[in-house]
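Report on one structure; see the data block that follows.
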Amino acid sequence: MANKREFPLEKTRNIGIMAHIDAGKTTTTERILYYTGKIHKIGETHDGASQMDWMVQEQERGITITSAATTAVWKGHRVNIIDTPGHVDFTMEVERSLRVLDGAITVLDAQAGVEPQTENVWRQATTYSVPRIVFVNKMDKIGADFKFSVQSIHDRLGANAHAVQLPIGAEDNFEGVIDLLDMKADLYDEDELGSEWDVVDIPAEYLDDAKAARTDLIEAIADVDDGIMDRYLNGDDIPVEDLRKAIRKATIDLEFFPVFAGSAFKNKGVQMLLDGVVDYLPSPLDVKPYNATDPDTGEEVALIAGDDKPFAALAFKIATDPFVGRLTYIRVYTGSLEAGSYVQNTSKDNRERVGRLLQMHSNHRQEIPEVFSGDIAAVIGLKNTTTGDSLTDKDHPLILESMEIPEPVIQVSVEPKSKEDRDKLDVAIQKLSEEDPTFRAETNPETGETLIAGMGELHLDIMVDRMRREFNVDAQIGEPQVAYRETFTKSASAQGKFVRQSGGKGQYGDVWVEFTPNEEGKGFEFEDAIVGGVVPREYIPSVEQGLKESMENGVLAGYPLIDVKAKLYDGSYHEVDSSEAAFKVAASMALKNAAKDAGAVILEPIMKVEIIAPEDNFGDIMGQVTARRGRVEGMEARGNAQAVNAMVPLAEMFGYATTLRSATQGRGTFTMTFDHYEAVPKSIQEEIIKKNGGQ
Ligand SMILES: Nc1nc2c(ncn2[C@@H]2O[C@H](COP(=O)(O)OP(=O)(O)OP(=O)(O)O)[C@@H](O)[C@H]2O)c(=O)[nH]1
């Protein structure tokens, strides 16, 4: 087959833009699109004209919620960009983007440096081995401080980051940047939209600083590159191209993080950042091969990019598009795929027809005949594929390593106004949870109450808003509640025996199961330790299923029981009366019976909270944390404000925004992210059980 790819693999970049909320990711992305000729008008993200944030909720609130994919061309390279949300409630969007990206730009606010959500996304990017370059944005803002921002990368992220540029001026006087490799200055004209700039000699007053910074940079490169080290020690004059190559290699190896300066809003420095993407971030050929497993042999396969290999891709996002319906975003690792052909969904073990293929340009799309290795594109026509599924050639099935899906921590009840609304709600829940795996819903079979769960108040707020607008659901929404979990703290064994004999065919299931606490985050694990067929093979999956289902409803107060291992080690059966259903019931009885001895506890989400408030309010803030059952973990001065880091149970954080606002006359802010689960204190556990009617 003739290769019809437009850009060679080595000239392809799949990058993400990530940061703390409001650092300027969307603005930076828009400027990139403007300078690469994709859009012709600069749309301010907060006046509702943004090209990237196209959902109504995004435009109204001026925030990014879903990660948008778009494509640009810079200096002969195809750059696929994913603009990810900064708010912690949408971490899953960041997570799934990271899974499929080869590199990222981390955007910082030059006045704030590294912020809490920067730490989170940085950690996630490290988990997925995604190389990064850093853009210190907002150099025009009052209080902008480039040195402080670079230092904060060392202090707060422990990362080996080094400036490859220096800003010329700051705040109102920010005029451009100095390139520390070429030792030239790029000066922008204030009145232009930044499309042109002058490359001039470094202004005399910056020359000493620039020389010193260049020496620091070369020493930093030498530290990660032996060849450069030798030449540096010899006193050689190292050509710029060699330095660039060394930075590129160390960046791709995650040993070095080049730092750029600019102001997206004031149209400065974005082109140099794009050069950085091309120079330092990897092509699909440069990254660590992606892991996959052959489902037939269990053998591990390393996927190395190339078009002449069997097709393998990961579905990383499902979106419902108002015009074309269901869109499945895929990242192609190897091979190619034509519109109108078929793929094997190895995860679901079925074949799916690929309708049309689309290249996404944030708010419009272009139909393409074929996708190639290294591409990110959307498929129309896949009906059963969900987030995280592997799509491969049917003769070369592979399961690609998927992504972690975090547990939702907060929930609200939804009470539809009418029967018709109930039906619409069901459709909405199905569609929205397909799009967003962190959005869950369950209906209590006894009370008929529906609970929707998500990652935070903002997340649920947006979901409720979408249910109303896109699916016309009229419903009463309850107050946010904590999504508690349950777990076992001790090992316990119990029998579950379900026998009904009332003439005719009866029911008979009998099992002995040992339960042990599993490591946090490991979920449910089932072990079949039956010997001698005392529980026949065909009933064992029912035992596992019965346990899984009853764990969903917990053993204390109706919350899902998590992180428990179950070992089925004994039992008995009846030739005639045994059935799958009877073993399922027996399994759930074993769970209930073991619960008494297994030290069941209720777990609550503990949030990592960062509160920033004026120094005068320091005493109040400490008091507020303690009163909320919180633990202060650290504090530091942040300019003339104080930052307090603490671990606080989510249950105590409802309404905290108002408390903080009134205590600080509106000057205090806070952010929180889920950190871990902890058992609630005994007295609170009893209260929760009482409130939920006990079990
Ligand atoms: N002064 C200044 N403001 C900027 C700059 N870049 C962005 N902003 C402003 O900062 C605010 C946030 O910008 P966005 O681009 O929406 O930030 P974001 O990081 O995409 O935000 P989320 O997607 O909601 O996380 C907007 O009011 C921008 O106008 C900059 O370089 N300088």
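Go through THR251, THR489, THR293 and list them by solvent-accessible area, largest first, probe radius 1.4 Å. Don't skip to the end; give the middle numbers.
Details: THR251 0, THR489 80, THR293 50 Å².
My answer, sorted largest first, is THR489, THR293, THR251.
In the chain, what percent of the accessible surface is made up of carbon and sulfur (1.4 Å probe, ligands and nucleic acids excluded)? Let's see the in-between values first.
Details: 14390 of 29940 Å².
The C+S portion of the solvent-accessible surface of the chain is 48 percent.
Please list 3J(HN,Hα) in residue order for the range 451-457, calculated via the Karplus relation 6.51 cos²θ - 1.76 cosθ + 1.60 where θ = phi - 60°; whole Hz, with x for glycine and proline.
10, 10, 10, x, 8, x, 4
Heavy atoms of the protein only, probe of 1.4 Å, neighbouring chains included. What is the accessible area of LYS424 in Å², nearest 10?
Spelled out: LYS424, probe radius 1.4 Å, area about 60 Å².
Show the residues, 5+ positions off or on another chain, whose built amide H is closer than 5 Å to the amide H of ALA475.
The list, which skips near neighbours in sequence, is LYS417.
Provide the per residue accessible area, probe 1.4 Å, for the chain, rounded to a whole number of square angstrom.
On the way: 29940 Å² over 695 residues.
Heavy-atom SASA per residue in the chain reads 43 Å².
So who's got an amide H within less than 5 Å of the one on TYR290, skipping anything under 5 residues away but keeping other chains? H placed 1.01 Å off N, in plane.
For TYR290, whose amide H was placed from the backbone, the distant partners under 5 Å are LEU303.
Mind listing the phi-derived Karplus ³J(HN,Hα) values for the range 263-269, rounded to whole Hz, using 6.51, -1.76 and 1.60 with θ = phi - 60°, and x for any glycine or proline?
Karplus-based 3J(HN,Hα) across the range 263-269 equals 9, 4, 4, 8, 6, 10, x Hz.
Step through the residues of the range 210-226 one at a time and calculate ³J(HN,Hα) from phi using the Karplus curve (6.51 cos²θ - 1.76 cosθ + 1.60, θ = phi - 60°), rounding each to whole Hz and writing x for Gly and Pro.
Result, ordered by residue: 5, 5, 4, 5, 5, 4, 4, 4, 5, 5, 5, 5, 4, 4, 10, 9, 4 Hz.
Which order do ARG231, ARG13 take when ranked by solvent-accessible area (1.4 Å probe, heavy atoms of all protein chains), largest first? Spell out each step's value before the answer.
On the way: ARG231 75, ARG13 5 Å².
Largest to smallest exposure gives the sequence ARG231, ARG13.
Rounded to the nearest 10 Å², what accessible area does THR443 have for a 1.4 Å probe in the complete protein model?
Roughly 70 Å² of THR443 is accessible to a 1.4 Å probe.
As I understand it, the value is the acute angle between the Cα axis of helix 25-35 and the longest principal axis of the Cα atoms of the chain; what does it come to in degrees, rounded to 10?
50
On C-alpha positions alone, give me the angle between the axis of helix 146-157 and the longest principal axis of the chain, in degrees, nearest 10.
Computed tilt is about 30 degrees.
In the chain, once you exclude exposed GluC sites (Glu not before Pro) (DSSP loop, at most 16 other Cβ within 10 angstrom), what's the longest stretch remaining?
Longest gap between qualifying sites, sites excluded: 45-189.
So what's the chain giving for Rg/Rh, alpha carbon basis, Kirkwood Rh from the mean inverse pair distance? Each step should come with its number before you reach the end.
Values: Rg = 28.0 Å, Rh = 27.9 Å.
My calculation of the ratio gives 1.00.
Over what distance in Å are the Cα centres of the range 342-373 and the range 572-646 separated?
If you average the Cα positions of each part, the centres end up 40 Å apart.
To the nearest 10 square angstrom, how much accessible area does MET183 have with a 1.4 angstrom probe?
We get 50 Å² for MET183.
Take the residue pairs LYS211/LYS608; LYS419/LYS497; LYS245/LYS309; LYS548/LYS608 and return only those whose Cα atoms are more than 32 Å apart.
Working: LYS211/LYS608 41 Å; LYS419/LYS497 40 Å; LYS245/LYS309 29 Å; LYS548/LYS608 30 Å.
Going by Cα-Cα distance, LYS211/LYS608; LYS419/LYS497 fall outside the 32 Å limit.
How big is the gap, in Å, between the Cα center of the range 460-496 and the Cα center of the range 93-146?
31
I'd like the distance between the alpha-carbon centres of the range 185-213 and the range 388-444, rounded to an integer number of Å.
Distance between centres, Cα-based: 51 Å.
The values are calculated or read from the model by the stated rules, or taken from the named source; none is laboratory data. Since the structure is predicted, the reported quantities are computational estimates derived from the model, not experimental observations. Note that each Cβ is placed from the backbone with ideal geometry, even for glycine, and that neighbours are counted across all protein chains shown. Note: areas computed on protein heavy atoms with side chains; ligands, DNA, RNA excluded. Shrake-Rupley method; radii C 1.70, N 1.55, O 1.52, S 1.80 Å.
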